[in-house]
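Let me begin by presenting the structure, written as structure tokens, before commenting on it.
Values quoted throughout were computed directly from the atomic coordinates according to the rules given, and no laboratory measurement underlies them. Fair warning: this is a prediction, and the values are worked out from it, not measured in the lab. FYI the Cβ positions are ideal-geometry reconstructions off the backbone, even for glycines, and counts take in every protein chain you see.
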Amino acid sequence: MKENSQLINNLKAKNSRICVVGMGYVGLPLALELGKHYSIVGYDIDQSLIDSLLQGRDPRGEVKSTAFADVDITFTMSESDLTDISIWIVAVPTPVTKLKSPDLRPLLSASDTVGRHLEPGSIVIYESTVYPGCTEEDCLNRLLNISQLTYPDQFNIAYSPERINPGDKVHTLTNTIKIVSGDTPETLDTVAQLYESIIEPGVHRAPTIKTAEAAKIIENTQRDLNIAFMNEISIIFDLMDINTHDVIAAAGTKWNFLKFYPGLVGGHCIGVDPYYLTYKSEELGYKPEIILAGRKVNDNLSKYVVKKILGHLAYHKIQRDKSRVLVLGITFKENVSDIRNSKVVDVVQELQHYNVSVDIYDPHVDQSELKEVYNLESIQDIGSNYDCVIAAVKHAEFATLSEQDFLDICNEEALFIDIKGAYRHLSKIEYWSL
Ligand SMILES: NC(=O)c1ccc[n+]([C@@H]2O[C@H](COP(=O)([O-])OP(=O)(O)OC[C@H]3O[C@@H](n4cnc5c(N)ncnc54)[C@H](O)[C@@H]3O)[C@@H](O)[C@H]2O)c1
């Protein structure tokens, strides 16, 4: 293994390159930021994505075209371009299977690609969210098998979880402390130096790779559980005819009350990552109670919302197959185009299951992706005569909608469902929030 400083100096002198594997929400911004200082290869297996990136366009809309200027980066899906690389950064998806077990296929396949081109003296840094032990067991095994190099004398591994929050312009890659870890003190030093060159507040050095993996997984699991608690109390308070947001506002005046809010937990992080932890825990013989209970509450929330709507229709004797519902926002969260594991989709599909006609309106969603993945469409213009409006996602575009706007498109006995508690000022329309 080369001296650290030599590895970083070689990168700075552009005698060697960094390859970021996976040009998604995590990999692309990272590659572009590193590309201001080093020579980067941005590798992905998605041809249409690479085509867009070569034209300086992020199809996910997260990165502005200006970010592609003045960076030293080669976008490719050709393995023949994977040469002269001394640092590999793997940022590929880590989803779960239908049975909620870790689906490591993208991660292992990316490790195989790295293994095929791994040169002695290199470091492989994993950024994907995984369970503790995954980097040093599953990923390292693949690198060893494919590369035929010996470990740790010929290459090293590291883990640095990503904290990027798509759609968030305040907490960004470069202004958020990054956790780093490595298999040896020298690897840790090199990896720390690398990230320190782009992260303003610097890095936190975790003592082991497992610690860094565990830290990432509990950041998201903690959030999942806190929201699950709010969702559960929201169900309880609804039975008591108490508005949960009023309760949180009141309780939030205490110094140690944590202000989380009820909501649909979708996306491919918060609603997925806890399963990585529970999987490993169960493999080791402990069945987690709290984490799985939280997951169950959050996963069932879509059905709870639909039950509310069906109850409203029945109460007003509106036939399901003649009723019309408008859903504002279909992405998994506000101001992004990401529809992966969107729980709003679950609400829509559940309503359709009951023959309710649903209009979706979302200015952020990619129409063709929505059609391809869920066979759904987003309307161009909001219609009228709705029996229910679901304000599902708090996109900035919806902030200017007034009560009159809603009254204009709704039937007299319509119900307004405010998933995020963003329209609590409404008074002339029947209102319900989580
Ligand atoms: N998106 C987030 O907000 C976020 C935040 C923190 C951590 N993470 C974690 O980071 C990882 C990546 O997430 P993402 O949101 O960037 O995913 P993404 O789906 O946006 O992007 C992943 C990219 O990897 C590519 N890819 C898949 N398999 C590949 C392979 N074998 N070789 C090369 N490229 C391959 C895909 O084509 C895709 O473009 C996941 O583990 C995720 O949990 C995501």
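Choose one of L301, S337, S427: the residue whose Cα lies farthest towards the positive end of the charge dipole of region 301-434 (beta-carbon charges +1 Lys, Arg; -1 Asp, Glu; about the Cα centre).
Among L301, S337, S427, the one farthest towards the positive end of the dipole of region 301-434 is L301.
Whole-Hz Karplus ³J(HN,Hα) for region 14-21, in order, using 6.51 cos²θ - 1.76 cosθ + 1.60 and θ = phi - 60°, x for Gly and Pro?
6, 7, 9, 10, 9, 10, 9, 9
Quick one: Cα centre-to-centre distance for region 325-368 and region 1-73, in angstrom?
Taking the Cα centre of region 1-73 as reference, the centre of region 325-368 is 33 Å away.
Most exposed first by the Cβ proxy, i.e. fewest other Cβ within 10 Å, how do M240, M77, M23, M230 rank?
Taking fewest neighbouring Cβ atoms as first place, the list is M240, M77, M230, M23.
Quick query: amide H of D359 versus all other amide H atoms, modeled in the peptide plane; which residues come in under 5 Å with a sequence gap of 5 or more or a different chain?
It is V325, L326, V327, by chain and number.
Treating only the Cβ of Lys, Arg, Asp and Glu as charged (+1, +1, -1, -1), what charge dipole size does the chain show about its Cα centre? Round to the nearest 20 debye.
Rounded to the nearest 20 debye, it is 720 debye.
Any idea what the relative contact order of the chain is, in percent, if you count C-alpha pairs under 8 Å spaced at least 6 apart? Mind showing how you got there, number by number?
Values: 792 pairs, mean separation 47.0, N = 434.
Reported relative contact order: 11 percent.
Check I179: other-chain or 5+ apart residues with amide H under 5 Å from its amide H, H built from backbone geometry?
H204
Can you compute 3J(HN,Hα) from phi for each residue in region 106-120, using the Karplus curve 6.51 cos²θ - 1.76 cosθ + 1.60 with θ = phi - 60°, rounded to whole Hz and x for Gly and Pro?
My calculation for region 106-120 gives x, 5, 6, 5, 5, 5, 4, 4, 4, x, 5, 10, 5, 10, x Hz in order.
Order these by the 10 Å Cβ neighbour count, fewest first: K307, K317.
Final ranking by Cβ density, sparse to dense: K317, K307.
Once you've got the Cα coordinates, tell me which of K210/K254; K296/K420; K280/K343; K343/K371; K254/K280 are over 27 Å apart.
Result: K210/K254; K254/K280 exceed 27 Å.
Non-local amide H neighbours of C410 (under 5 Å, H modeled in plane, Pro and chain starts lacking H): which ones?
HN-HN under 5 Å from C410: N385, Y386.
To the nearest 500 deg cm²/dmol, what mean residue ellipticity at 222 nm is calculated for the chain from DSSP H runs of n ≥ 4 alone, each contributing -39,500 (n - 2.57), summed and divided by the residues?
-11000 deg cm²/dmol
Residue by residue, what Karplus-based ³J(HN,Hα) values in Hz, rounded to whole numbers, does region 211-227 have, using 6.51, -1.76 and 1.60 with θ = phi - 60° and x for Gly and Pro?
4, 5, 4, 5, 4, 4, 5, 7, 4, 7, 5, 4, 5, 4, 5, 5, 6
Can you tell me the dipole magnitude for region 210-299 around its Cα centre, using point charges on the Cβ only (Lys, Arg +1; Asp, Glu -1), in Debye to the nearest 20?
That gives a dipole near 280 debye.
Picking from I18, I233, I339, which is most flexible by a Gaussian network model of the chain using Cα springs under 10 Å?
Evaluated over the chain, the most mobile residue of the options is I233.
In the chain, what % of DSSP beta bridges are antiparallel (nearest 5)?
5
For helix 301-315, report the angle its Cα long axis makes with the longest principal axis of the Cα atoms of the chain; keep it between 0 and 90° and round to the nearest 10°.
The answer is roughly 10 degrees.
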